[in-house]
Amino acid sequence: MEREAVAARRSAKTMWEAVAARLRERGYRRTADQCKCKWKNLVNRYKGKETSDPENGRQCPFFGELHAIFTERARNMQRQLLESESGVPAKRKLKQPSGDRSSESDGEEDCGGESEDEKPMHRRKRKADDKKQQSQRVSEKSRIGTSSIHELLQDFLVQQQRIDIQWREMMERRAQERVIFEQEWRQSMQKLEQERLLLEHSWMEREEQRRMREEARTEKRDALLTTLLNKLLHEDL
């Protein structure tokens, strides 16, 4: 998949969409973002195991596959550097006669004419300079390739750290929201309990007053009946 992406020069988004499509063909439903995040997590775990504990690195999930991918990538980059430099010596050999003549003529014009002994020395010096420049270019391109890999890994690490920070902030925010919700819920329950106690107290007071009124009416009725009975008894006598 990596070689296909490099050959087609796809963008990162198109590559991860292609990965998601390939997984979907095999029965795994994953989005492009999920594939990208999973790949970054695996790369981070692989790099951490490879640098900190290479002996136990194979405990990392898919360590063998990741190691093969990065090894193949390094080989491809080295081969591209060698291929880009392989055409330089042949072209230089083809242009050497005219180059020598032009250099000799330039030397004669600049120095007012060189002796036969000085010309071979001048050519050897130019060849040594050309080889030195060529080796410097190869070293520079190799350094640039290594720097590109390092920058890619740094970007992965920075983005992973950013994702971790955002995740922690989200979890902290949710924890704070949960604490606030629990506090509000407890306050609501306390308020409802207080209202229930007040209602119960009011109901008990009303019941007590009603009972006292009924007792008063009963006593008054009993007293009235007693008075009537006494009056009737006195009249009969």
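The values are calculated or read from the model by the stated rules, or taken from the named source; none is laboratory data. What you are looking at is a predicted structure, and each value in this text was computed from that prediction instead of being measured. Cβ coordinates were reconstructed from backbone atoms using ideal geometry, including for glycine residues, and neighbour counts include every protein chain displayed.
Suppose the filter is touching a residue at least 12 places away in the same chain (Cβ under 8 Å), within 30 Å of ALA74 (Cα to Cα) and basic (Lys, Arg); does ARG137 pass it?
yes
Checking every residue in region 40-51 against the condition of being modelled with pLDDT under 70, touching a helix residue (DSSP H, G or I) at 6+ places or on another chain (Cβ under 6 Å) and either surrounded by 12 or more Cβ atoms within 10 Å (Cβ to Cβ) or in a helix (DSSP H, G or I) (or both) gives at least one match.
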